[in-house]
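K.L.:
The structure under discussion is supplied below as structure tokens; questions concerning it will follow.
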Amino acid sequence: MAQGLVQRFTLIYDADCGPCARFRHAVGFLDTYRDLDFASLADADERGLLDTVQPGLRHRSFHLISPRGTVRSGAEALPELIGLLPGGSMVSRVVVHVPFGYRT
């Protein structure tokens with residue numbers, strides 16, 4: 001479990017990576033209810049939020065931290081992230097339950 005406390009789901013991304021920053025902004029745009037927080041990898045490292053993620057894996061993808069401290073990364077985090085966005089619960093279920101949903 002992540003050491004630092006988060007009050008809401010928090011998306012951790014590499015602020016120095018152009019595609020990563022664009023992904024963060026796209027998620028922020030879609031998060032019309034402002035249910036998510038965002039933090040850079042550097043900030044998350046300082047706060048100890050990614051202590052459960054091996055250092056070599058931290059820069060490979062984005063990470064989603066739940067208020068309980070559960071950390072999911074990359075494709076594993078997508079269904080939960082999508083489900084947090086307005087109208088995303090149905091899309092999230094399709095990704096999880098349809099064959100090849102994760103690939104899509």
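The values are calculated or read from the model by the stated rules, or taken from the named source; none is laboratory data. Values in this document were obtained by computation on a predicted structure and should not be read as measured data. All Cβ positions, glycine included, derive from the backbone under ideal geometry; neighbour counts span all protein chains shown. Heads up: the accessible areas ignore ligands, DNA and RNA and are worked out on the full protein's heavy atoms, side chains in. Shrake-Rupley method; radii C 1.70, N 1.55, O 1.52, S 1.80 Å.
K.L.:
Compare Arg22, Arg8 by solvent-accessible area with a 1.4 Å probe and give them largest first, with all protein chains kept in place.
P.N.:
The ranking, largest first, comes out as Arg22, Arg8.
K.L.:
At a probe size of 1.4 Å, how large is the accessible area of Tyr13, to the nearest 10 Å²?
P.N.:
40 Å²
K.L.:
May I pose another question? Sorted by accessible area (1.4 Å probe), largest first, how do Asp35, Asp16 line up?
P.N.:
Descending accessible area places them as Asp16, Asp35.
K.L.:
With a/c under 1.5 counting as rounded, go ahead and sort the range 1-55 into rounded, prolate or oblate using the C-alpha gyration tensor (a ≥ b ≥ c being the square roots of the eigenvalues; past the cut-off, prolate if a/b is larger than b/c, else oblate).
P.N.:
Oblate, since a/c reaches 1.5 and b/c is not below a/b.
K.L.:
What order, most packed first, do the peptides 49-62, 69-82 have when packing is the mean number of other Cβ atoms within 10 Å of each residue?
P.N.:
69-82, 49-62
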